[in-house]
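Reading through the C-alpha cells given below for one structure.
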Amino acid sequence: MGPRVDQLEKSLRSGIESEPVVHVVTGRENVLRLSHKLIEFSTLCDQPGAMQDIDYFLSKPGALPRIPHLLLVSRGPDLNLANPNLDDLVGVLLIFEQSLAGYRVGAFATNDRAGRNTLVAQQRDRARVAALASRALLKRGAHLILMSFCADESFGSAAEVEPPLFEAAQDGRSVARWARRDRTIPGYLPLSVSFDATLAKIGQRTRSNLRYYRRRAEQQLGCVFLPQVEISRGEFLSFNNECMFAVPAEVAGWRYDSLKELANPLLLGVKDRDGRWLSMLGGRRYHDRSELLWQLNREGFAANSLGTVMRSYFIEHEIAQGSRRLYIEGGTENPIRFSFMPENLTDLVVVRRTLVAKAMRMVAKRYISGSNELSRMLGETDLEWLPC
C-alpha cells in the first residue's frame, strides 16, 4: 500500500475519542421529510444538487424491493432528526437495503453509479463518513455493504495527522472484510456560452456527427425539435413499445409519472414532418446543471442516429437555458464521453464473515449485471481485502 497509511484504511480499522454519532432514518416518507435540509447541506458541502430531486431516486425501480436508509453523522449524540441543525452534521449517506419476500436481508447498496447522490460531506470528511456509516450498518446486522461515492482527492495524504476512527472487531476478532477501489469516470460535459463554442471543445468526429446527423434528419425526415413535450401517459407507453431498447411497461410508466416529482423536469422530443414521434428525452435541471435521465428512440431509424440528433438539440437547448454542465445519469458508451471532464470515484465493499454474506456474494457475482461496478468488485481477484 506504499509508505503512507491509507486514510480510508485507518477509518475502517481504528477507533476515536469523542467520535461522531450515526443516526439512522428509515423509510421513504421519513427521508423525504428531510429533503430540504439535505439540499441545503449539499450546497454547504460544495455538492450542489447531490440531494436534489431525492424523491425520484427513492422511487427508482430496482431488481428487488428496497428500503431506503439515511445515515446522518453528527458531531455529538444529540441531533433533532425532524429538523437537524446543519452545523451539527459531518455528513450523510443515502443507501438502500434489499428485501426479499418482505424480509430484509442485510444487503445494503447505493443506487447511483456516479456516486453524486450517495454521500454528502466536505471532501476531507468523506472517507470518515463512509467508514462510520459502514460501522453503523455492521452494528445493525449488515452482511454486505456496497457503496460508491465521490472521492476525497486527499486519500493517502496527511494520514499521519488523521485521528483513528473505526474498529469493528469484537473481542479482538475481525467481524468483516473490506476492499476499496479508486477509479476515474467521465463526469460531465462542460458547456460554453454558445453551441458552437461547446462543440469546438468536443472531439472532431463527435462534433461532426452532432452537426451532420441533425442536418440530415432535418432535410430527410423534416425533424422538428419540441423543447416541451405534451403527451398522455397512454401515448407515452405506446411510443416506448415502438422504440429500440424499449423498457418494461412498469418502468416506462414510472419514467412518465416521476417527472412530476422533479423540481425542474425536462421532457424534450423530436417529431418528423408527419407529426410522428422519433425521439424523446427525459431529464432534469438544477443550479447551472442539466442531466439526461433517459432517452427513447424509435425503432427502424438506426441509420439516422436519432440518439445523436436528440443530443445535439438537447445540448443547444440547455446552453440557451444557462446550463454549464451536462450529466448523463448512469453514464454513456457514446464517444461523447471522451469529451467529459473526469471525476474521481471510490467504490467500497464490506463483507461480514458469515455464510449469509458468502451466499450473497456468490449470488451478486452470478446474477447482477456485469456493468454494475460494485458487483464486479466481488469477483475481482486482485483486490486487497483487509480485516475490520
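Computed from backbone phi with θ = phi - 60° and the Karplus coefficients 6.51, -1.76 and 1.60, the 3J(HN,Hα) list for the stretch 314-321 is 4, 4, 4, 5, 5, 4, 5, 8 Hz; x is used for glycine and proline. 3J(HN,Hα) along the stretch 247-257: 9, x, 4, 5, 6, 4, x, 5, 4, 5, 5 Hz, from the Karplus curve 6.51 cos²θ - 1.76 cosθ + 1.60 with θ = phi - 60°, whole Hz, x for Gly and Pro. Look at GLU316, GLU299, GLU29, GLU291 and count the other Cβ atoms within 10 Å of each Cβ; fewest to most, that gives GLU29, GLU299, GLU316, GLU291. Amide H contacts of ASP53 (H built 1.01 Å from N, in plane; Pro and chain starts excluded): ALA263 sit under 5 Å, all sequence-distant by 5 or more or on other chains. Normalised by residue count, the stretch 77-136 yields a Cα convex hull volume of 124 Å³ per residue. Among ARG116, ARG28, a tally of other beta-carbon atoms within 10 Å of each Cβ gives an order, fewest to most, of ARG28, ARG116. Under 26 Å from the Cα of LYS358, which lysines turn up, not counting those fewer than eight places away in the same chain? Those lysines meeting the cut-off are LYS10, LYS139.
How large is the Rg to Rh ratio of the stretch 192-323 when both quantities use alpha carbon positions and Rh follows Kirkwood? Expressed as Rg/Rh, it is 0.96. Overall, the stretch 192-323 carries a charge dipole of about 500 debye about its Cα centre when +1 sits on the Cβ of Lys and Arg and -1 on the Cβ of Asp and Glu, all other atoms neutral.
Among LEU293, SER238, SER194, whose Cα lies farthest out toward the positive end of the dipole of the stretch 192-323, if unit charges sit on the beta carbon of Lys, Arg (+1) and Asp, Glu (-1)? So the residue we want is SER194.
The relative contact order of the stretch 192-323 comes to 29 percent, based on Cα pairs under 8 Å that sit 6 or more residues apart. For the stretch 68-85, 3J(HN,Hα) computed residue by residue from phi via the Karplus equation (6.51, -1.76, 1.60; θ = phi - 60°) reads x, 10, 10, 9, 9, 9, 10, 6, x, x, 9, 8, 6, 6, 7, 8, x, 6 Hz, glycine and proline entered as x.
Rank ASN30, GLY76, LEU89 by how far each Cα sits towards the positive end of the charge dipole of the stretch 20-107 (+1 on Lys, Arg Cβ; -1 on Asp, Glu Cβ) and give me just the farthest. Sorting the options by dipole projection puts first ASN30.
Coordinate-derived values only; no laboratory data. Just so it is clear, the structure is predicted and the values come from calculations on it, not from any experiment. Quick reminder, even Gly has a Cβ in these numbers, built from the backbone with ideal geometry, and neighbours come from all protein chains shown.
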